[in-house]
Amino acid sequence: MEFAELREAIEKMKRNLREIAEFYGTESSLDAVEQYRRLSGLQAISSKCFKAAGISTILIDDGLKLDKKHDIQWHKKFVPFVGRILRIESLAEEILNGEMPDGSTWTLDAFTKTFLKSLSERLLSLASLTVANEIVGLKSIAAYRSGLEINPHVSREDAEIGLSEVLQRGKPVRITNKSLIDYIFIHGLEVALQFDLPLQIHTGFGDKDLDLQLANPLHLRTLLEDKRFSGCRIVLLHASYPFSKEASYLASIYPQVYLDFGLAIPKLSFHGMISSVKELLELAPIKKVMFSTDAVATPETYYLGAKRAREVVFSVLRDSCIDHDLSTTEAIEASKDIFAQTAIQLYKINIGEELVGLKASESPSYVIGTNDPGHSVSLVRILWADASGQHRCRVVPKKRFNNVVRKNGVGLSFACMAMSSAVDGPADETNLTGTGEIRLMPDLSTWREIPWKKQEEMVLADMHLKPGDAWEYCPREALRRVSKVLKDEFNLVMNAGFENEFYLLKKLEREGKEEWVPIDKKPYCSSSGFDAISTLFQEIVAALNSLNVAVEQMHAEAGNGQYEMALGYTACTHAADNLIFTREVVRAIANKHGLLATFVPKYALDDIGSGSHVHLSLWQNGQNVFQASDASSQHGMSKVGEEFMAGVLDHLPSIVAFTAPLPNSYDRIQPNTWSGAYQCWGKENREAPLRTACPPGIPNGFVSNFEIKSFDGCANPHLGLAAIIAAGIDGLRRHLHLPQPIEANPATLEGKLSRLPKSLSESLEALQKDNVLKELIGENLIVAITGVRKAEIEYYSKNKEAYKQLIHRY
C-alpha cells in the first residue's frame, strides 16, 4: 500500500482525481491527496473509503501478489465479511515449485494426486464438513491467458507432455502450456462441483500481450455443454468486454453461467460503462448479473469503483423504467440483486440485509431508493421437513428475523418431529410430546429470496435444543452425522441428483363437489403435452435458476398429467436442500397458474406412480471414485463403489421405511412399473430398485453412478439419504460384494428373488431389526420415525379413501 502504488493507480484514472480530492476535502492534486493519507494513516482512510462505498464484503484473490499485503483479520476491521477466492493455477505452481517426497521428478499422477489432495484439504474442515477458512470460490486466470477454448477431454498424454515442458523451463515454475492448463482447470472444476463452489474465469480484455480473440467467452461453449459440469456455477469476470453481448447470451441459455462486470467499471469511459452493462442485461437474467469493484491495493479504488457503479446502474435502470422494460419496483429489486443479493447467494455469504450496502442516511443522491420500506422484503419463511416428509414453515417479519431470529431461532415443540401425514399432533410411541421446546435455527447459507413472492424470503432451518446445540432428531443434522462418518473413516463424500415425478391437476366442480383431475392425457415424452405447459416450466426453471438449483432435463411422463424434472447432482447435503426448494417451487408456481402439483407416490391407484429416484456417486479429493479406474472391473465400478452399493442393497428393506414413508408408497412399488419391487440390482435395468448407469460421456463398460428407484416424493430427503449412507458405510466396513446383476425383468424370476417389502408394515419390521441404521442414525430418532410410521399404518388401514387427501400435503 505504498504511495507509489497509489500514484500509479490514480494516474490510470486521472478523471477520478478530482472526486478523490473532493472526498478527502483536499486540493485536486496528487501531492495533496498523498499528504492527507500520510496524516490520516492507512487504517483511517480504509475505514472512510469502505464506509462511504457501502461495501459489506471483501473477497480476496489468494493468487494476487503484492509487496506488502495485510491478512484477512486486518480487513475484517472494515467490513462484516471477508472471504477468499482460491486461484487454482497458483496452487498448482506452488506444488510444482516444491519437491517430491522422494526427491524424484514430478510425474502427472503424483502431481494430480497432490493437487487434488491439497485443494480439497484447503477447502474442507474435517470437523464440520463445511468450507474452511472462508474460501467462497475458486478462480482461473491461466485458462483465460492460454485461450478460453478449454478442452474438457484433454488427454493424459498431452497433459504429461505439458508438464514435462513446464518443468524443463526450471523454477520458479510458471504454467503456460495449454494442455496442462486445461487439465488443471478441469480437475479444479470437478472440485468446485464437489464442494458446491462457484469458479471465476477471467474473460474479455486484460493484459496487452493477450490474444483478445481467444478471450471471447463463446469459446467456453464446449465446456458448458459438458453434462459433467452442468451443476457447477461459472462466473465470467470483467463483463467479458468487448464481448458483453456474447456473455449475456451465454448467461441466458446456460443456467450455470453468471456475469460480473467488475473492472469494466471504472476502467471504461462513462458511456462505455453504460453501454457494457446494457449489453449484459439485454439477454441475461438480472439475477445472474452482479457487480464487484475489482479493486486492488488502495482503498480509494474500492470507493471509486462502487461510486461509479451506482451511477452507471442507476442510469441503466432509469432508462429501463422510461422505456417500460421495468417498473420502478422491479428496478429497485434489480439494483438489490446486482449489488448484493446475487453475490450473497452465489458465494453463500453470511451477512444480514441490514449490513448490505449504504444506510439511507449515507446514500449519495444518485443511488435509487433500495432502502424504501415500501419495497423491502417484509416476511421470512423458516422451512423444515418433518419425519413424515411434509414441508412446514414458520413465518416472521423481516425486522424480527434480523434482530432476533438469525441468532436465536424460533421456538417449536418437540412434537414437530412426531407428526404423521394425517394428524398434526404427536403420534404414540415416538417418545415426543407437546412438552419440551427446540429452536429452529436458520441456516443462512440457504437464505433465498422467494422467486414467486418478491417481498418474501425463505431459509432452511436446523433443529437445536439451544443455539449451537444440535437436536438429535434434526433430519439435516442426521445427514451431516453419517456424512461425517463416511468422510472420517473412508475419505468419501456422496453426491446425489434427484429426479422429480409429479402430477399436474386442475380443479373441477361436479355436483357441487370439488374434484382434482389431470390436466391432460398425453403419452410419455409427448411433444404436444409439454408444449401445452411449457410456459409453466419456463417459470419453474427460471425460479430454480434463481435459487442456484440446476435443472438437467424434463419431459412428460407416462401418467395422465404426469411430468418429470431431473436436477443436477451435487454433494448430498446440498442435494437434499435443493429437493426441498424444488418441491416448493413446483407446487407454488403450479398454484399460481390455478393448478395443483402433487408428488404423492400413487395419486390414482389405476395410473402410473410418481417417484423421486436418486442417482448416487462417491467422490474422493474431487474425483468420482464410484467409477472403475480401468477396464479390469467386472461391473464397471470400483471396489469402493461395489462395497458401498452392496451395503445399500443389503439394507434396502430397512431403507424403504425412510424413502417410501407412507402406505400409499407401496401401492407404487409394484412389479412391471419401473419402481423396483424386488431386492436386486441391474445394469441399466429399470425394473431393478438399484440400477447402475452409464450416462452420455462415460466410456462404454464403465458406470458413473447408481440409481435408487424406491424413493418417492413423500420422503424427507435428508433422512432418506442418511439411511442410504449408513447402509453404504456398513458395506464398506464389511467389504460386501454384489451378487450377479439381474438382466431380465425381476418379475419373471418369481421365487428366485426376494420381494422388497410389500407394505409399510413390512419395511418397518425390517427397520426395527436393523442395528446398523439404529447405531449410525441414532436410536432415539429411529424410535420417533417408527412411531410416526405406525400412526400412518393405523390411520390409513381404517380410512381407505383418506389417501386421496394426500395431494394437499405432498
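Per the helix-only calculation at 222 nm, which mean residue ellipticity applies to the chain, given -39500 (n - 2.57) for every DSSP H run of n ≥ 4 and division by its residues, nearest 500 deg cm²/dmol?
-11500 deg cm²/dmol
Which entries of LYS348/LYS398; LYS307/LYS399; LYS48/LYS76; LYS77/LYS288 have Cα-Cα distances beyond 23 Å here?
Among LYS348/LYS398; LYS307/LYS399; LYS48/LYS76; LYS77/LYS288, the Cα-Cα distance tops 23 Å for LYS307/LYS399; LYS77/LYS288.
I'd like to compare 341-349, 45-53, 91-99: which one has the highest average count of other Cβ atoms within 10 Å, and what's the full order after that?
341-349, 45-53, 91-99
Could you calculate the contour length gain from GLN538 to ILE807, that is, 0.36 nm times the residue separation minus the distance between their Cα atoms, to one decimal place in nm?
The GLN538-ILE807 span can extend by a further 94.5 nm.
May I ask you to give the solvent-accessible area per residue for segment 187-324, in square angstrom, as obtained with a 1.4 angstrom probe?
Normalised by residue count, the accessible surface of segment 187-324 is 35 Å².
Any chance you could check the Cα centroid distance between segment 393-435 and segment 689-739 for me, in angstrom?
So the separation of the two Cα centres works out to 32 Å.
Any chance you could check the Cα centroid distance between segment 536-558 and segment 583-628 for me, in angstrom?
Taking the Cα centre of segment 583-628 as reference, the centre of segment 536-558 is 11 Å away.
Return the distance in nm (one decimal) between the two label points of a simple spin-label model at GLN670 and SER164, each offset 7 Å from Cα along Cα→Cβ.
6.4 nm
If R0 is 25 Å, what FRET efficiency do you get for THR107 and THR176 from their C-beta distance, rounded to 0.05?
That gives a FRET efficiency of 0.80.
Measuring from label point to label point, each 7 Å out along Cα→Cβ, what is the ILE793 to GLU330 span in nm?
Distance between the two pseudo-spin positions: 5.5 nm.
Could you give the alpha-carbon Rg of segment 181-242 over 2.2 N^0.38 Å, rounded to two decimals?
So segment 181-242 has a normalised radius of gyration of 1.16.
Extension gain HIS735-LEU64, at 0.36 nm per residue separation less the Cα-Cα distance, in nm?
236.9 nm
Number of Lys pairs in segment 447-527 with C-alpha atoms less than 30 angstrom apart, excluding same-chain neighbours closer than eight positions?
Lysine pairs, 8 or more places apart or on different chains, close enough: 12.
Relative contact order of the chain: what whole-number percent is it, with Cα pairs under 8 angstrom and at least 6 residues apart?
Relative CO of the chain lands at 10 percent.
Can you list the aspartates and glutamates whose alpha carbon is less than 15 Å from that of LYS227, not counting same-chain residues fewer than 8 positions off?
Candidates past the 8-residue exclusion: GLU190, GLU552.
Order LYS800, LYS69 by their accessible area, 1.4 angstrom probe, all chains in place, largest first.
Descending order: LYS800, LYS69.
Using a 10 Å cut-off on Cβ atoms, rank the peptides 154-160, 649-655 from the highest mean neighbour count down.
My ranking of the peptides, most packed first, is 649-655, 154-160.
Straight-line reach from LYS171: which lysines have Cα under 28 Å away, leaving out those fewer than 8 places along the same chain?
Output for LYS171: LYS65, LYS68, LYS69, LYS113, LYS117, LYS139, LYS208.
What are the ³J(HN,Hα) couplings of segment 195-203, residue after residue, when phi is run through the Karplus curve with 6.51, -1.76, 1.60 and θ = phi - 60°? Round to Hz, x for glycine and proline.
So the Karplus estimates, Gly and Pro as x, are 9, 6, 10, x, 10, 8, 10, 5, 9 Hz.
For the pair LYS245 and ASN745, how long in nm is the line joining their label points, each one 7 Å along Cα→Cβ?
Here the answer is 5.6 nm between the modelled labels.
Compare the peptides 480-489, 378-387 by average per-residue count of other Cβ atoms within 10 angstrom and give them in order, highest first.
With the highest mean Cβ count within 10 Å placed first, the list reads 378-387, 480-489.
With a cap of 15 neighbouring Cβ atoms within 10 Å, and only residues DSSP puts in a loop, list the trypsin sites (Lys or Arg not before Pro) found in segment 278-321.
none
Which lysines, if any, have their Cα less than 21 Å from the Cα of LYS752, not counting same-chain residues under 8 positions apart?
Cα-Cα hits under 21 Å: LYS683, LYS709.
Relative contact order (percent) for segment 268-352, with alpha-carbon contacts under 8 angstrom and 6 or more residues of separation?
35 percent
The values are calculated or read from the model by the stated rules, or taken from the named source; none is laboratory data. Note that this is a predicted model, so its numbers are computed, not measured. Here Cβ is always computed from backbone atoms with ideal geometry, including for glycine, and neighbour counts include all displayed protein chains. Quick note on the areas: whole protein, heavy atoms, side chains included, nothing else; ligands and nucleic acids left out. Shrake-Rupley method; radii C 1.70, N 1.55, O 1.52, S 1.80 Å.
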